[in-house]
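Enquirer: Below are the structure tokens for one structure; questions will follow.
What follows is calculated from the coordinates using simple rules that are stated; it is not laboratory data. Predicted model, so just to flag it, every value in this text is computed and none were measured. Cβ atoms come from the backbone with ideal geometry, glycine included; neighbour counts cover every protein chain shown.
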Amino acid sequence: MNYIDTSLKVVGTRPIRPDGVDKVTGRAVFAADTRAAGMLWGKVLRSPHAHARIVSIDTSKAEALAGVHAVVTAADFPEIVSEEAFVGEGPMNFRDLSMNCMARGKALYEGHALAAVAATTQEIADRALALIDVQYDVLPHVIDVEAAMADDAPVLHDDLFTAGVDPAPTKPSNVAKVVTFRKGDAEAGFAEADVIVEGRYTTQPVHQAYIEPHACMATYAPDGQVSIHSSSQGHFMVRAYTAKLLGLNLSNIRVNPAEIGGGFGGKTLVYLEPVAVALSRKCGRTVKMQMTREEVFRASGPTSGAAMEIKIGAKKDGTIVAAKQILKYQAGAFPGSPIGPGCMCGFAMYDLPNVDVVGYDVVSNRPKVAAYRAPGAPITSFAVECALDDLALKLDLDPLTLREKNAAKNGTKTHYGPTHHNIGFTAVLDAVKAHPHWKSPVKEGQGRGLACGFWFNIGGESSAQVHVNEDGTVTAATGSPDIGGSRASIGMMVAEVLGVPPTTVRTIVADTASIGFTFLTGGSRVTFATGMAATQAAEKVVEDLKRRAAQTWEIPVEAVEWKDGKAYPAGSNAGAFEPLDLATLALKSPRTGGPIIAEVSVNAQGAGPGFGAHICDVSVDRETGQVTIERYTAVQDVGKAIHPSYVEGQIQGGAAQGIGWALNEEYIYNDKGQMENPGFLDYRVPVASDVPMIEAVLVEVPNPRHPFGARGVGEVPIIPPMAAIGNAIRRAAGVRMHDLPMSPPKLRAALDAASG
Amino acid sequence: MSGLSYAAPTSVDEAVKLLAGASGLAKVLSGGTDLLVQMRSGRVKPDLIVDTKKIPGLIGIREENGSYVIGAATPGAMVEAHAGMKAAWPGVVEALDLIGSTQIQGRCTLAGNLCNASPAADSVPALFAAGATAVIVGGKGRREVPVEQVPVGPGRTSLGKDEFILEFRLPPRPARSSDAYLRFIPRTEMDIAVVGCGISVTLDDKGVCTTARVALGAVAPTVVLVPDAAQALVGHKLDADTLAKLDAAAQAAAKPINDKRGTIEYRVKVAGVLARRVAAIAFDRAQGFVNGKAH
Ligand SMILES: Cc1cc2nc3c(=O)[nH]c(=O)nc-3n(C[C@H](O)[C@H](O)[C@H](O)COP(=O)(O)OP(=O)(O)OC[C@H]3O[C@@H](n4cnc5c(N)ncnc54)[C@H](O)[C@@H]3O)c2cc1C
């Protein structure tokens, strides 16, 4: 059923978050809170070198230390053949993941795991690590993406030959692949242009900076049954990767999802779980592992940094006639940057006749990148949206007018193939135009920036169960870890369908053995796909309840109507019966067919893409180069806000992370390729007082493929901030910042350079 | 496994004896907001910790002949709440108050900030500018030294193994005197100074500076006093020419390094910028204009 044009009682309201009390009182159980009798502590020995051949690893002294129960190295993991994995978010290869969890042959970045120990205490584990003797043959390393592409760069993988070029190369290199997207004829388009803007932009890798470091606890029982408690964005993902990396059957692994303290894409792959299971398999005891913040920085994946070139040509009236982009994305130590979405998203918002995009996926000696909100899109959009601002300045056009002129609409064919349907970009731009922030004059000494963002959103496989308990209350179970308030929104959709208050529906996240397969929480898919499964399960329950009422009243089921949580006779012809509510029907269930439950699994299609536009006012301290965000408004098409507070929270959180990306976050490496700032003192995410109140403006252009019209909302808001801030700085201070982060020293240097 | 002993003596003598008699590394503990963090990270591995907080007088602020005496272990929050200190030494108070968060303020101390001997310590430029002295006790008795003689390099002090700071003394305040402290950090809080600057001045009734002390943080291996910058102020009102000379003197004195927190070029420029801004606040305050806190 589709509820888009019906009047809704629950969806769209703001009930209290069901998991809120546990979280604010500290009772919620995160992976690091788990304990078991006889539990050991697992710790990882990591490479101090950015690039080194591992000559030998001697673990004998560590094994001999009292209190040490197991030591593992790559020798304890099966060697896996190269195979594309479709388990996480973004490209991954099982063999690469295995070698990322435990280095084989070579250490490819500082922090790369070489061995792990399990011991009775953390102190003993630390001492055991110090007793492991690793002999290295230190190799030249390369950190920067363009340096890694150079002919004479140290090559990370002897067997990596650039894919996507013809003829296929005969020499290995650090360029994993080249991708191209072409529409029309860009060169012909530029020939027609009245004005052309060009630019070279760079972005830094940035970490998701989830507050909870990776943690897990695993037991390999003598009968081969494995149980894992861990914090991740998908316990089915953890199960799949662990099984593959250790050669186990899925049915022998049960993964319990712990509460998750942030992921943002960074917990869509595994680091510790296969290692903990391998340690437990070796000693038969439960093994707990948790990373320190330093390990999170040195060994887990940020998103790519990039170097980009962009060129846009337009007519005098602002009509864009050609656009070209070259994108070089860092993949980290193994192939698989989000170069694909990078090539697609930057220009996806605009109706462009001629487009030419070339992207490079490049490995270098840094941690393998992981997904981070709208993987790839914020990077390309920084270049595109800054270039568009330059174009607006050059044409003396209002930046909003320029976007309106070229905005993608229903029926616009993208340069990467698909045609847009049911999109809300123009509605977003209309909302910008009407907003008091956009209409207000820019304050003296400040500058105002505008930038837009696009993300596909995804659907995919989800399972949900709805149980009516014996007293008529409801339990909804899904396989989706709750990262952004999905327990609330799933419960609300179920409550809406059943016609009951949301407080009577308890939503839980079920483990891998207790619910059907569910793809991970990522791609802004849960409210869309799992929401669809839960809605359909609730509808099945309603059908069942109607059947039970019909049976009780001895009338045909077509003559029963479900309204406000009760079964009614559909009209006077159906008979005069007192309505039956959920509690009554639940009580009678033993006599009407037994327990009332439905499970639905879907492979949801038709996730509607999301569009956003951010307005940002900044002031610049010209003497220190410090930027203050004075006002920030984020407008987004969210389809339908199921729980508006959590939608606003997603938008505010994405914008806040974008502010950090724009202004201060960066990895600082020394000349040995070691990270110098693996902590929150010097890896500067914004603190609360850096971020102004971010006003989230919800535009609702319903997605017809979802029962309530929902679109994913979690990723779009991190796309526009970097360019919105860059454009605001350009207008406040007169300088175009091409390189992220736009930190005080860089801005002061740019101001000094501009004033000669 | 090596052991760690902890003692909380209740007299100076007892504390000195413990320090003198310690085999291995002994560390004095005030608030612990540096020491415990360093121990957790494995950077410091003491064999003995001597907690000073139980020694009478180590926590508290008193007035003696028109000058303030601050016990070495007095937490930031207590200093911030002291009306007299705030009126006489707003720069020292605001510098100490910049340290960390509300939680840190409940513990952090001037002594710890000074003896941790970081060139970026926030309260130290303000203490240098104030002309504060430290009363040091040890096996050889008691001595009083200007604070600028305590830190000698990053993480190093001039204190002997059996010595510790008992209290700080701030000089009596003539009329039309005040001070100020500002630091530059890339964020708005919870960060470490890229440059810090403390200035204390006394003016005559025409607003002309009669005495001045200027100190810079994070631009050299220790916090430094900058006599040339002070000299640029003495005998002048805070006009454009004076500000330019102050800026130049501060820049000339800045000898920073390139590190993850800032480049040489940037730090030198910001040293000049901060000196001008801090002088403006200190002059305003000395003339009775009301100013907010530095953050
Ligand atoms: C989250 C956080 C934020 C911080 N922010 C800032 C900041 O913004 N600015 C800043 O400057 N600092 C900051 N710090 C560092 C620290 O809080 C300060 O340096 C503080 O003043 C240290 O005081 P303490 O009493 O806690 O020192 P402790 O940790 O007790 O001691 C520090 C050092 O001084 C020695 N010592 C202590 N007392 C004496 C004494 N009486 N005599 C001789 N030696 C002594 C100790 O042996 C040790 O070596 C921060 C720390 C944290 C954890």
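Enquirer: Go through the residues of the stretch A:730-745 one by one and say whether even a single one is within 11 Å of another protein chain (Cβ to nearest Cβ) and of a type in the set (Lys, Arg).
Expert: No, the conditions are met nowhere in the stretch A:730-745.
Enquirer: Going through the stretch B:27-45 one residue at a time, which ones are at positive phi and near the ligand (Cβ under 8 Å from one of its atoms)?
Expert: B:GLY32
Enquirer: Next up: More than 14 Å from every other protein chain (Cβ to nearest Cβ), more than 26 Å from A:PHE680 (Cβ to Cβ), within 15 Å of the ligand (Cβ to nearest atom) and in a strand (DSSP E or B), is that true of B:ARG213?
Expert: Spelling it out, it is not the case that B:ARG213 is more than 14 Å from every other protein chain (Cβ to nearest Cβ), more than 26 Å from A:PHE680 (Cβ to Cβ), within 15 Å of the ligand (Cβ to nearest atom) and in a strand (DSSP E or B).
Enquirer: If you don't mind, there's one more thing I want to ask. Kindly provide the set of residues from the stretch A:686-699 that are surrounded by 20 or more Cβ atoms within 10 Å (Cβ to Cβ) and either more than 8 Å from chain B (Cβ to nearest Cβ) or over 13 Å from A:THR628 (Cβ atoms) (or both), ordered by number.
Expert: A:ILE694, A:ALA696, A:VAL697, A:VAL699
Enquirer: Now a separate question. Just to be sure before I move on: is A:ALA696 without any contact (Cβ under 8 Å) to a residue 40 or more places away in the chain and within 30 Å of A:PHE528 (Cα to Cα) in the structure I sent?
Expert: no
Enquirer: Another question, then. List pairs: first residue in the stretch A:83-104 and hydroxyl-bearing (Ser, Thr, Tyr), second residue buried (at least 23 other Cβ atoms within 10 Å of the Cβ) anywhere in the structure, Cβ distance under 6 angstrom, at least six positions apart or on different chains.
Expert: Close Cβ pairs satisfying both conditions: A:SER98/A:LEU245.
Enquirer: Could you look through the stretch B:153-173, keep only residues that are over 18 Å from B:GLY24 (Cα atoms) and more than 16 Å from the chain's Cα centre (by Cα), and pick out the one that is surrounded by the fewest Cβ atoms within 10 Å (Cβ to Cβ)?
Expert: Checking each candidate, the answer is B:PRO172.
For every residue, the table says whether it meets (1) under 30 Å from B:SER177 (Cα atoms); (2) near the ligand (Cβ under 8 Å from one of its atoms).
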position: B:GLY21; (1), (2): no, no
position: B:ASP51; (1), (2): no, no
position: B:LYS54; (1), (2): no, no
position: B:GLU80; (1), (2): yes, no
position: B:LEU96; (1), (2): yes, yes
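Enquirer: The conditions are (1) within 14 Å of another protein chain (Cβ to nearest Cβ); (2) among the basic types (Lys, Arg); (3) under 30 Å from B:ARG183 (Cβ atoms), and B:LYS45 fails exactly one of them. Which is it?
Expert: (3)
Enquirer: Are any of the residues in the stretch A:599-619 without any contact (Cβ under 8 Å) to a residue 12 or more places away in the chain, touching a strand residue (DSSP E or B) at 6+ places or on another chain (Cβ under 6 Å), more than 30 Å from A:LEU388 (Cα to Cα) and assigned to a strand (DSSP E or B)? Explain how you work it out, then say what you get.
Expert: So in the stretch A:599-619, the residues without any contact (Cβ under 8 Å) to a residue 12 or more places away in the chain come out as none.
No; the residues of the stretch A:599-619 include none that is without any contact (Cβ under 8 Å) to a residue 12 or more places away in the chain, touching a strand residue (DSSP E or B) at 6+ places or on another chain (Cβ under 6 Å), more than 30 Å from A:LEU388 (Cα to Cα) and assigned to a strand (DSSP E or B).
Enquirer: Same structure again: Looking only at the stretch A:222-241, count every residue that is assigned to a loop (DSSP other than H, G, I, E, B) and touching a residue at least 60 places away in the same chain (Cβ under 8 Å) and tell me the total. Show your work before the answer.
Expert: The first filter runs over the stretch A:222-241 and keeps only residues assigned to a loop (DSSP other than H, G, I, E, B), leaving A:222-225, A:231-234.
Among the residues that remain, those that are also touching a residue at least 60 places away in the same chain (Cβ under 8 Å) are: A:222, A:231-234.
Result for the stretch A:222-241: 5.
Enquirer: Something else now. Can you tell me which residues in the stretch A:62-89 are acidic (Asp, Glu) and in a helix (DSSP H, G or I)?
Expert: The answer is A:GLU63, A:ASP76.
Enquirer: Scan (1) assigned to a loop (DSSP other than H, G, I, E, B); (2) within 27 Å of A:ASP361 (Cα to Cα) for the single condition A:LYS244 breaks and write down its number.
Expert: Status for A:LYS244: all satisfied but (1).
Enquirer: Quick test for you: out of A:GLY67, A:GLY111, pick the one residue that is surrounded by 19 or more Cβ atoms within 10 Å (Cβ to Cβ), touching a helix residue (DSSP H, G or I) at 6+ places or on another chain (Cβ under 6 Å) and not charged (D, E, K, R). Please lay out each step first, then the result.
Expert: Values: A:GLY67 fails: surrounded by 19 or more Cβ atoms within 10 Å (Cβ to Cβ).
Residue meeting the stated conditions: A:GLY111.
Enquirer: Where in the stretch B:223-290 are there helices (runs of 4 or more DSSP H), lying fully within it, with 1 or more residues that are farther than 25 Å from B:ARG156 by Cβ, within 14 Å of another protein chain (Cβ to nearest Cβ) and of a type in the set (D, E, K, R)?
Expert: Hits in the stretch B:223-290: B:240-253, B:264-286.
Enquirer: Where the second residue is outside any helix (DSSP H, G or I) and within 7 Å of the ligand (Cβ to nearest atom) and the first is without any contact (Cβ under 8 Å) to a residue 12 or more places away in the chain and lies in the stretch B:93-116, which pairs have Cβ atoms under 7 Å and are six or more apart or on separate chains?
Expert: From residues that are without any contact (Cβ under 8 Å) to a residue 12 or more places away in the chain, there are no pairs.
Enquirer: Look through B:ILE185, B:ILE192 and report the one residue that is touching a residue at least 12 places away in the same chain (Cβ under 8 Å) and within 11 Å of the ligand (Cβ to nearest atom).
Expert: B:ILE192
Enquirer: Please go through the stretch B:238-254 and give me each residue that is among the charged types (D, E, K, R) and surrounded by 14 or more Cβ atoms within 10 Å (Cβ to Cβ), ordered by number.
Expert: B:LYS245, B:ASP247, listed by residue number.
Enquirer: Examine the stretch B:187-197 for a residue that is away from chain A (no Cβ under 14 Å) and surrounded by 17 or more Cβ atoms within 10 Å (Cβ to Cβ), and state whether such a residue exists. Explain how you work it out, then say what you get.
Expert: Here is the first cut: in the stretch B:187-197, the residues away from chain A (no Cβ under 14 Å) are none.
For the stretch B:187-197, residues away from chain A (no Cβ under 14 Å) and surrounded by 17 or more Cβ atoms within 10 Å (Cβ to Cβ): absent.
Enquirer: Is it fair to say B:LEU170 is touching a residue at least 24 places away in the same chain (Cβ under 8 Å) and either under 30 Å from A:THR628 (Cα atoms) or within 12 Å of the ligand (Cβ to nearest atom) (or both)?
Expert: No, not satisfied.
Enquirer: Sticking with this structure for a sec: Checking the condition within 30 Å of A:ILE729 (Cβ to Cβ) and within 29 Å of the chain's Cα centre (by Cα), which residue from A:LEU520, A:LEU450 passes?
Expert: Step by step, each of A:LEU520, A:LEU450 is checked, and only A:LEU450 is within 30 Å of A:ILE729 (Cβ to Cβ) and within 29 Å of the chain's Cα centre (by Cα).
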